[in-house]
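Just below is one structure, and these are the notes that go with it.
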Amino acid sequence: MKIVFASRNKGKIKEVKKILGDQFEIISLNDIDGFAEIEEIGSTFEENASIKAEAAFKFSGLPSIGDDSGLEVEQLSGKPGVYSARYAGKYASDFDNNIKLLFELEKQPEPHHAQFVCTAAYFDGNEFIVTKDELKGKIIKEPRGENGFGYDPLFIPDNQSLTLAEIDLEEKNKISHRAEAFKKLKYLLTKRMEL
């Protein structure tokens, strides 16, 4: 079964292919010519994931998956939240976003409790299937590690000593919010195919 994953983020695509790839053929927006940028206008992760899945389906005619994920920091009242990827501005880099986050936490006492949230939405033209998961942890003062993307170098999961950027992909996929949300989705899609 071929599924469009509505993303251009190479790190994310690699993770999702690793999770879903044995049963599904995953193509991304990088494999489809002429696909316009999807505007994330939702106020929740679920809305944004569903918007992406629906847009990819309408353009490609293939079952599609959208996801939205981000970081919620307790001391910042849940920010950056749905604005995680563009926290420091529309064209901000991961570095820019990390610097802004550290600046905003500078005057706050440690520990900086936070959680990564991921929502995955599948759409086939008839129905949505939506799953969600969280990974709790804390934000540290200086980035560590080269493996991750986004806020990974600043985030240490609960009961771990390494940041998500210091953990290899195999290990990360055992604990990450995205991995868990997509494993749930894989389970529901597999069940559906059996019916």
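General remarks:
- For chymotrypsin sites (Phe, Trp or Tyr not before Pro), the sites in segment 83-189 that DSSP calls loop and that have at most 15 other Cβ atoms within 10 Å are Tyr91, Phe149.
- Built amide H within the under 5 Å cut-off of Arg144, gap 5+: Leu154
- 3J(HN,Hα) from dihedral phi, segment 117-127, Karplus parametrisation 6.51/-1.76/1.60, rounded to Hz, x for glycine, proline: 10, 9, 10, 10, 10, 9, 9, 10, x, 10, 9
- Answer label, with Cα extents along the principal axes in Å calculated from the coordinates and candidates (1) 47, 36, 32; (2) 66, 31, 30; (3) 51, 32, 26: (3)
- Among Gly137, Gly66, Gly42, the residue with the largest mean-square fluctuation in a Gaussian network model of the chain, with springs joining Cα atoms closer than 10 Å, is Gly42.
- Cα gyration tensor shape of segment 70-122, rounded if a/c is under 1.5, else prolate or oblate by comparing a/b with b/c: oblate
- Fraction of antiparallel bridges per DSSP, the chain only, in percent to nearest 5: 80 percent
- Take every Cα pair under 8 Å whose residues are at least 6 apart in sequence, average their separation, divide by the length of segment 2-194, and the relative contact order is 19 percent.
- Segment 1-97 - percent relative contact order, Cα under 8 Å, separation 6 or more: 24 percent
- Remark: the Lys136-Ser77 segment gains 19.7 nm on full extension, using 0.36 nm per residue and subtracting the alpha carbon distance.
Each reported figure results from applying straightforward, stated rules to the coordinates on display, with no laboratory input. Just so we're clear, the structure is a prediction, and the values are computed from it rather than from any experiment. Ideal geometry is used to build each Cβ from the backbone, glycine not excepted, and the neighbour counts take in all protein chains shown.
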